[in-house]
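Please read the structure below before turning to the comments.
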Amino acid sequence: MPVRHRDRCRPAKTAAARTRRSWATQLWAIALIAIVFGTVAAPAAAAPDATTTLGWRQLGLGTTIHIDAQDVTTGVTVPVPEGMSPTILRGTVASATNVSDAFIQVARTDGTIVGTIPVPVFGPQQLSAPFEVPLTSIPVSEGRADLRLTLRNPGEDTECGPDPEVTLTNLDVSYAGAAQAPSNIRDVFGSVVRGVTIYTPRRPSVAVSQTALGLVAAIADHYRPQRVSVDIVEMSDAAPVAGDPLQRVVVIREQTGPGGIRLENAGQPQATLVVSGDQQSLPKQVALFRENLTGLAQTTSAGVDAVTERPVQGSDTVTFGDFPGRLTADVLGTATLTTGFDPTVLALGRPGQVKVHLLARYTPVVGEARASVTAISGGEVLTSKTLDASGSLDTQFTIPAAQVAANEPLEFQISYEPSAAACTKRSVPLTFQIEPSSTASADATPVSMGGFSSIPLGWQPTVQVALDGTDPGQLDAAAQLLASVQRSSATALSPMLVPLDQAIRSGSGALIVADAANVQALNPPIGTEDSSTRIDLAAKVRTALPGGLGTIQAFAQNSRTVVLVSTSGSWKLVDPLLAFLDAQEGELSNLRGDVLAAGAAGQTELMTIRADGPQTEIAQVGTSWLVWLGAAVAVIGVAVLVGAGVALHRRRGRPGGVAGVGGEAVT
């Protein structure tokens, strides 16, 4: 029977293969990717027809739909499993403001309306409203169904007041049909899967572990932002079988001979993808998935004969046309444009501030009309410009380096007020369009890359992974965090398994999973010292915590970002931390602070010990109060953990419990 390490957080991403930009650092698979044409697979076996329901979050669509403008279409692309079709969209109208007799039209891309969602007037007796919309007439193309949602607000006479806002939550989609088992390698990672289980031999070698981590990063990148569960499990000789037609099974085998990839039991429910090879050839097979070349493997067997690292210098400048967000808005009142600015596609390594050269065209503002545009990042106003009769805008502004490193979104808020007498439904809106040729350029402003929001930028282009081997679940724990960070990055991560000592001394971004006693040289925010827990506050607190602490920490060290998963007691203390991350709407990089900790009671605490995010390495005057504020918050958080741990310790009151702080890990 296979041995699971333990329940870990469940990661996930869209099905379309992503084109790698030539200016991003990447590993290029070259020289003979041998597609071995073997026996033609039997027709794919389909699971019995049944209704399958997938949540919005699992589909990579977030948790809500927020509509903040009337008569403006919001596009939604719903992934559809192969062999199935969408039938019903369900959800809840959770809130609505500035609306009257409003409803949301749900339509196909050709404009055909397939249903409506009534929007109630909320009050003491109306807290929410569930809805269902039939989707059977929505066409499916290339594993996706495209919807168009438009808010209609006929009861509102004035256009220039506050914008209407409607939020839909508890969203899911039901599908009918039979999920198809993959009949070739190309079909293994289709548009939608529930999860992937990667089986390794017991006590996996370095080559097997490196292959497993590479597959985790490639799968998470392929499905980003879907939260596909990816688990690494040690197995015996028994053959694993997927119990769910939307579950995929991958087996890694280290054996002599050339490396290869083959799909066993193709077209059957027990289809298994086997990745095999010796110490040298096995890790090379990951290139087929990392470089999105599986579309060429339309057979049941393939192999990567050679892989050569070919680093390409990253570009310091990108255009707004490279971003996925909207560049155009029609405005009566106010509207917000979120461009999809993502600093992970800029120069790799330590980021700096970004200089934006914004070019835009808009409807000329004449007479008594007034209009303006404001650029905002991380809640900070970067620039504000008045729009005039010229109809064009050419301006420059700078996004601070710390906000770039924290991957804060760049938004443009546009306001337009025609003359008071003309502010009606018959008013003509102002059209504002950002030119795709607008640019964003990064420089090399020094930044201290501490805190959870420093990743994924702090892990590019290569992240070193080190395990100290004190618990068999460490490889799976590393996989969960690696997948979470990959879902936050537009650039594919390249994990590299290295010895613990090398990762401690290195200047590259690192993910380290180790007992707290073995990583004291890293000087993390919370560490061990002489069998005590050291907390790096201004007062350098040292305390004894019965049962120890499990922590996930993100901090700056050696001019890089280190994410450390450690425990000063049992490795079971790490489980609630990974469960906490799995329950969050966002990913690891969306957390604020630099320490996530849990004591013996299993209660998680998110704290800021040193930094709550990247900080520009320039001395600031008059900010010492921030240090004291952070210290106070951290002391309160640790006090809660100490109280919970001591109380539990007293209740147990028996010998033979988990090891104390600084003791050996209990496996």
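The values are calculated or read from the model by the stated rules, or taken from the named source; none is laboratory data. Bear in mind that the values here come from a model prediction, so they are computed numbers and not experimental data. Note: ideal-geometry Cβ built from the backbone for every residue, glycine included; neighbour counts use all protein chains shown.
Brief remarks on what is shown
Every residue, every condition in (1) surrounded by fewer than 18 Cβ atoms within 10 Å (Cβ to Cβ); (2) touching a strand residue (DSSP E or B) at 6+ places or on another chain (Cβ under 7 Å); (3) within 17 Å of residue 330 (Cβ to Cβ), yes or no:
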residue	(1), (2), (3)
367	yes, no, no
374	yes, yes, no
379	yes, no, no
392	yes, yes, no
403	no, yes, no
410	no, yes, no
416	no, yes, yes
428	yes, no, yes
431	yes, yes, yes
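- Filtering 546, 495 for residues that are outside the structural domain of residue 324 (by TED's automatic domain parsing) and part of a loop (DSSP other than H, G, I, E, B) leaves a single hit, 546.
- Subset of the range 381-420 (residues that are aliphatic (A, V, I, L, M), assigned to a strand (DSSP E or B) and either modelled with pLDDT under 90 or touching a Phe, Trp or Tyr at 6+ places or on another chain (Cβ under 6 Å) (or both)): 382, 410, 414
- Any chance residue 520 is out of contact with any Cys (no Cβ under 7 Å at 6 or more places or on another chain) and either surrounded by 24 or more Cβ atoms within 10 Å (Cβ to Cβ) or hydrophobic (A, V, I, L, M, F, W, C) (or both): no
- Within the range 422-432, not a single residue is at pLDDT 85 or above and among the small types (Gly, Ala, Ser).
- Test: residue in the range 507-520 that is among the polar types (S, T, N, Q) and farther than 29 Å from residue 287 by Cβ: yes
So that you can scan it fast, the table gives a plain yes or no per residue for (1) closer than 30 Å to residue 400 by Cα; (2) crowded, with 21+ Cβ neighbours inside 10 Å:
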position	(1), (2)
451	yes, yes
496	no, no
499	no, no
512	yes, yes
524	yes, yes
534	no, no
542	no, no
547	no, yes
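- Residues of the range 78-131 classified as among the polar types (S, T, N, Q), under 18 Å from residue 65 (Cα atoms), touching a Ser or Thr at 6+ places or on another chain (Cβ under 9 Å) and modelled with pLDDT of 95 or more, total: 2
- Filtering 133, 99, 76, 114 for residues that are touching a strand residue (DSSP E or B) at 6+ places or on another chain (Cβ under 7 Å), β-branched (Val, Ile, Thr) and closer than 30 Å to residue 488 by Cα leaves a single hit, 76.
- Residue satisfying condition, being in the same structural domain as residue 542 (by TED's automatic domain parsing) and either on the phi > 0 side of the Ramachandran plot or hydrophobic (A, V, I, L, M, F, W, C) (or both), within set 599, 569, 593: 593
- For the range 98-105, the count of residues that are assigned to a strand (DSSP E or B), closer than 16 Å to residue 117 by Cβ and in contact with a His (Cβ under 9 Å, 6 or more places away or on another chain) is zero.
- Test result for residue 179, modelled with pLDDT under 95, farther than 29 Å from residue 74 by Cβ and aliphatic (A, V, I, L, M): no
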